1. Give the Rg (one decimal place) followed by the Dmax (whole number) of region 168-261, computed from C-alpha coordinates and expressed in Å.
2. Rg to Rh ratio, region 87-177, alpha-carbon atoms and Kirkwood radius?
3. In terms of the ratio Rg/(2.2 N^0.38 Å) built on C-alpha atoms, what value belongs to the chain?
4. Can you list residues from other chains, or at least 5 along the same chain, whose modelled amide H is less than 5 Å from the amide H of Gly206?
5. With springs connecting C-alpha atoms under 10 Å apart, model the chain as a Gaussian network and identify which of Tyr190, Tyr41, Tyr242 has the largest mean-square fluctuation.
6. Show log10 I(q)/I(0) for region 8-83 at q = 0.12, 0.18, 0.22 Å⁻¹, two decimals, from a solvent-free Debye sum over equal Cα scatterers.
7. Once R0 is set to 45 Å, what does the formula 1/(1 + (r/R0)^6) return for the Cβ-Cβ distance between Ser193 and Thr33, expressed as a FRET efficiency to the nearest 0.05?
8. What 222 nm value per residue comes from the helices of the chain, counting each DSSP H run with n ≥ 4 as -39,500 (n - 2.57) and dividing by all residues, nearest 500 deg cm²/dmol?
Amino acid sequence: MVSHKIHHLTPHPLLLPFIKYYSIREIDITRHTTLKKLTTYGLQTSIDFFLGTPFQIINIADSTEQRFNRCMIRGLRTSCKYLLNLTGRFLSFNIKFTPTGMYQLLGIPMEHFTDQDIPLATLNALPADEIAERLALEDSNDKRRQIIESYLIKKINTREKKIIYLNDSFYEKMIEEKADHPIQQLSIRYHLSERQLERCFLKEIGTTPKGYEQLIRFDRLIQKKITCPTHNWTSLCHDAGYYDQMHMIRAFKAILKITPKEFVASNYAI
């Protein structure tokens with residue numbers, strides 16, 4: 001038997017330009033049982049603290065085991081990459097950033113984090129081990145939030161400020177709208193050349209305008225399927241913005257490495 005809880009917390013007002021929310025995920029797994037979850041695509045960047053039982057991470061591409069770390073930085077994820085074998089008690093405290101929040105906080109071009117899971121300790125941006133140890137000692141999520149925010153507020157007060165050419169409202173509008181956003185139209189709208197626009201996207205969120213659009217469209221499709229599981233893929237694909245079924249199937253194979261018929265939402269860490 002598996003008990004699964006997710007909590008969301010709102011950041012301190014000073015952190016709202018950077019952080020969208022905190023997510024705490026708790027999973028209690030019966031003894032001698034392994035819960036298998038596939039990681040999936042992700043539109044949000046995050047800093048993730050793993051406070052419970054260490055778990056096995058398998059790279060799907062070559063079946064190699066990855067090293068477990070208590071604190072990881074995760075950029076945009078464009079495909080299914082890892083199989084997680086969870087046992088005991090899984091507990092994570094996740095800092096979920098606004099589209100440009102991580103770039104503003106760390107000052108590192110986000111393309112370096114795309115499809116990567118990088119130990120926070122290697123960047124010397126925050127005292128990762130110290131924070132993880134303090135978070136693990138607390139039972140209260142509110143106290144965990146207070147701990148992490150004491151470090152984050154200090155970080156934003158001492159960081160080197162970065163110029164953001166395309167602000168969070170622009171990226172969030174892209175997510176909310178169903179219309180496509182051709183790069184030619186975006187470059188005219190923001191008085192940037194197409195090459196300048198691509199550089200802004202890569203630096204601020206970690207992928208190209210086309211790549212971001214593809215992730216948004218696929219996320220819209222998956223969320224609709226989860227919300228309306230009885231709806232068939234044909235009706236969902238048009239509603240999500242795909243031209244036809246083949247367009248949708250190609251996206252499935254590129255992102256999840258499967259066909260729509262093989263998709264089972266519970267297999268994924270969504």
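1. 14.5, 44
2. Ratio of gyration radius to Kirkwood radius: 1.00.
3. In units of the 2.2 N^0.38 Å rule of thumb, it is 1.03.
4. Met110, Glu111
5. Highest fluctuation of the listed residues: Tyr190.
6. Relative scattering, expressed as log10 I(q)/I(0), comes to -0.44, -0.93, -1.26.
7. 0.25
8. -11000 deg cm²/dmol
Only the coordinates and a few stated rules stand behind these numbers; no lab work does. Quick caveat, the model's predicted, so the values are computed rather than measured. Virtual Cβ from ideal backbone geometry, glycine too; neighbours counted across all protein chains shown.
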